[in-house]
Amino acid sequence: MSIQHILTPRFILQQQAAGKQNGRLQAATLFVDISGFTAVTEALMQHGKVGAEALADVMQAIFTPLITAVYERGGFIAGFAGDAFTAIFPGSGKRAKAQAVTAAWQMRQALAAFADHSTSFGTFSFTGRVGVAAGPVNWGILAGGAQRTAYFRGRAVDLCA
């Protein structure tokens with residue numbers, strides 16, 4: 001998995017390569033929202049560059065197992081929104097749903113292990129909320145000049161949040 005596939009899902013790259021700009025797929029969806037980043041950001045940013053590096057380390061430590069759970073189960077990250085993200089697990093059957101639920105369970109375990117995280121600047125508390133849904137997902141690629149933006153929307157995306 002390359003960073004490009006995290007920032008632009010492989011699904012979107014494949015659709016674009018096939019000349020498709022929008023469509024619909026059946027999928028299980030997952031939304032994860034982490035609480036606690038505002039307090040840690042405010043505290044660590046008071047320490048300048050060293051605090052910013054500590055914050056980057058904390059973010060990497062929290063998000064890496066969550067993102068890994070998605071990709072190991074055949075999903076992809078549809079997008080980030082602050083300290084939250086939505087993942088898509090393509091498929092219409094029980095397998096996609098099982099993959100999303102298994103990833104959600106892995107995430108809950110990782111978040112529980114990370115509830116209180118110590119840094120050289122103090123101990124910070126984190127909690128997380130994970131939701132799962134399934135159904136049709138509409139997707140599209142919006143173009144503006146040389147830039148492209150992908151979107152995923154629909155009832156399954158709304159319900160998992």
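Coordinate-derived values only; no laboratory data. For clarity, every value in this text was computed on a predicted model and none was experimentally measured. For neighbour counting, all protein chains shown are included, and Cβ atoms are generated from backbone atoms with ideal geometry for every residue, glycine included.
Positive-end ranking of Gly79, Gly36, Phe152 along the dipole of the range 31-152, with charges on Cβ about the Cα centre, is headed by Phe152.
Checking every one of the trypsin sites (Lys or Arg not before Pro) in the range 15-50 against DSSP loop status and a limit of 16 other Cβ atoms within 10 Å picks out Lys20.
Residues Ile34, Ile141 in ascending order of nearby Cβ atoms (within 10 Å, fewest first): Ile141, Ile34. Please say if the range 47-161 is rounded, prolate or oblate, where rounded means a/c under 1.5 for a ≥ b ≥ c the square roots of the C-alpha gyration tensor eigenvalues, and otherwise the choice is prolate for a/b larger than b/c and oblate otherwise? Taking the square roots of the gyration eigenvalues as a ≥ b ≥ c, the range 47-161 is oblate. With a ≥ b ≥ c the root eigenvalues of the C-alpha gyration tensor of the range 1-83, is it rounded (a/c under 1.5), prolate (a/b larger than b/c) or oblate? Prolate.
With +1 on each Lys and Arg Cβ and -1 on each Asp and Glu Cβ, and nothing else charged, work out how big the dipole of the chain is about its Cα centre, in Debye to the nearest 20.
On the way: 13 positive and 8 negative charges, 184 e Å.
Taking the Cα centre of the chain as origin, the dipole is about 880 debye.
In terms of its alpha-carbon gyration tensor, the range 75-121 comes out oblate; a/c meets the 1.5 threshold, while b/c is at least as large as a/b.
Taking the C-alpha atoms only, the angle from helix 48-72 to the longest principal axis of the chain is near 40 degrees. Residues whose amide H lies under 5 Å from that of Phe126, counting only those 5 or more places away or on a different chain, are Asp116, His117; hydrogens are built 1.01 Å from N in the peptide plane. Label separation (Asn138 vs Ala161): 1.5 nm, computed from points 7 Å beyond Cα along the C-beta direction.
In this structure the amide hydrogen of Arg148, modeled in the peptide plane, comes within under 5 Å of no amide hydrogen from residues 5 or more places off or on another chain.
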